[in-house]
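The values are calculated or read from the model by the stated rules, or taken from the named source; none is laboratory data. Not measured: the values here are computed from a predicted model. Quick reminder, even Gly has a Cβ in these numbers, built from the backbone with ideal geometry, and neighbours come from all protein chains shown. Ligands, DNA and RNA are excluded from the accessible area calculation, which covers all protein heavy atoms including side chains. Shrake-Rupley method; radii C 1.70, N 1.55, O 1.52, S 1.80 Å.
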Amino acid sequence: MPSIEILQADITTLDVDAIVNAANSSLLGGGGVDGAIHRAAGPELLAECRALGGCPTGEARLTGGYRLAARFVIHTVGPVWHGGSHGEDELLAACYRNSLELAARQQLRSIAFPSISTGVYRFPLERACCIALREVRAFLATHPLPERVLFCCFSAADRAVYEQAYTELAKSS
Ligand code: APR
């Protein structure tokens, strides 16, 4: 039975098949979780990303994990929050769906997501985590892989929001 786990950690430390990077469309690194992943993975990650030639918002790209514990990094580009009437919800949902599709295609068993778009891109956290949880549950209900999806929150406050949203989602379904 596929499982969803919510934890508080630095995503670069997780020993899973793939960690997801909240990247920007250049895929050439940045701050936040993007900066942390590139620092931990080492320069070979940037070299591979350079060869990818960028990634449109909502889409995902697979690279090696290099010095990370994770074998792969799935880079996805979340939407910048502009108030909610510019297709942000659907683009964020697409980030989760496309990342899971890539993981399934690669036959990966475990994947960890950060809270995409809720930092520098200012997407409201509660709204984002409901979209994330809903998309992941829907995907796992119709796919055998991945079988473990981890929501890696960077703070205890974020983790509490995810756990509350997950409880409510489980009640309503
Ligand atoms: N592990 C897990 N989560 C982390 C880590 C980490 N090491 N570092 C930051 N986070 C969390 C943040 O606390 C936030 O909840 O990742 C979430 C996403 O925040 P950002 O990294 O700011 O990503 P995002 O909001 O999607 O903005 C992307 O920021 O870093 C740049 O290059 C990136 O331009 C892109 C933009």
Working out 0.36 nm times the residue gap between S25 and M1, then minus their Cα-Cα distance, what length gain in nm do you get to one decimal? 5.2 nm
Applied in sequence order to region 26-34, the curve 6.51 cos²θ - 1.76 cosθ + 1.60 (Karplus, θ = phi - 60°) yields integer Hz couplings, x standing for Gly and Pro, of 7, 6, 9, x, x, x, x, 5, 4
Considering every Cα-Cα pair within region 120-173, what fraction, in whole percent, is farther apart than 17 Å? 39 percent
In nanometres, the difference between 0.36 nm per residue of separation and the alpha-carbon distance of E90 and Q107 is 3.6 nm
Highest GNM mean-square fluctuation, the chain, Cα pairs closer than 10 Å: which of A51, A36, A22? A51
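Relative contact order of the chain, please, whole-number percent, based on alpha carbon pairs below 8 angstrom and at least 6 residues apart.
Details: 353 pairs, mean separation 51.8, N = 173.
30 percent.
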5 Å is the cut-off here: which amide hydrogens, built 1.01 Å from N in the peptide plane, fall below it relative to A70, excluding neighbours closer than 5 in sequence? V16
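Nearest 0.05, what FRET efficiency do D15 and E126 give at R0 = 25 Å with Cβ-Cβ as r?
Details: r = 29 Å, r/R0 = 1.17.
Calculated transfer efficiency: 0.30.
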Can you work out D for the chain in µm² s⁻¹ from Stokes-Einstein, where Rh is the Kirkwood radius over C-alpha pairs, the temperature is 4 °C and the viscosity is 1.567 mPa s? 82 µm²/s
GNM top mover of G84, G119, G31 - the chain, alpha-carbon springs below 10 Å: G84
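Does region 90-155 classify as rounded, prolate or oblate by the C-alpha gyration tensor (a ≥ b ≥ c root eigenvalues; a/c under 1.5 gives rounded; else a/b over b/c gives prolate, otherwise oblate)?
On the way: a/c = 2.06, a/b = 1.75, b/c = 1.17.
Cα axes put region 90-155 in the prolate bin.
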If each part is reduced to its alpha-carbon centroid, region 1-22 and region 126-157 end up apart, in Å, by 10 Å
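Just from its helices, what would the mean residue ellipticity at 222 nm be for the chain, if runs of 4 or more DSSP H residues each count -39500 (n - 2.57) and the sum is divided by every residue, rounded to the nearest 500 deg cm²/dmol?
-13500 deg cm²/dmol
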Ranked by GNM mean-square fluctuation in the chain (Cα springs under 10 Å), the top entry among G78, G30, G65 is G30
Counting only heavy atoms of protein chains, what accessible area per residue, in Å², does the chain have with a probe of 1.4 Å? 46 Å²
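Excluding A165 itself, what net charge comes from residues whose Cβ is under 12 Å from its Cβ, given Lys and Arg +1 and Asp and Glu -1?
Details: positive: R127, R134, R137, R159, K171; negative: E126, D158, E163, E168.
It works out to a net charge of +1.
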Backbone HN-Hα couplings from phi across region 136-141 [Karplus 6.51/-1.76/1.60, Hz, Gly and Pro as x]: 5, 4, 5, 5, 5, 6
Report in % the part of the accessible area of the chain that belongs to carbon and sulfur, leaving out ligands and nucleic acids; probe 1.4 Å. 53 percent
For I6, other-chain or 5+-apart residues with amide H closer than 5 Å (H placed, Pro excluded) are F151
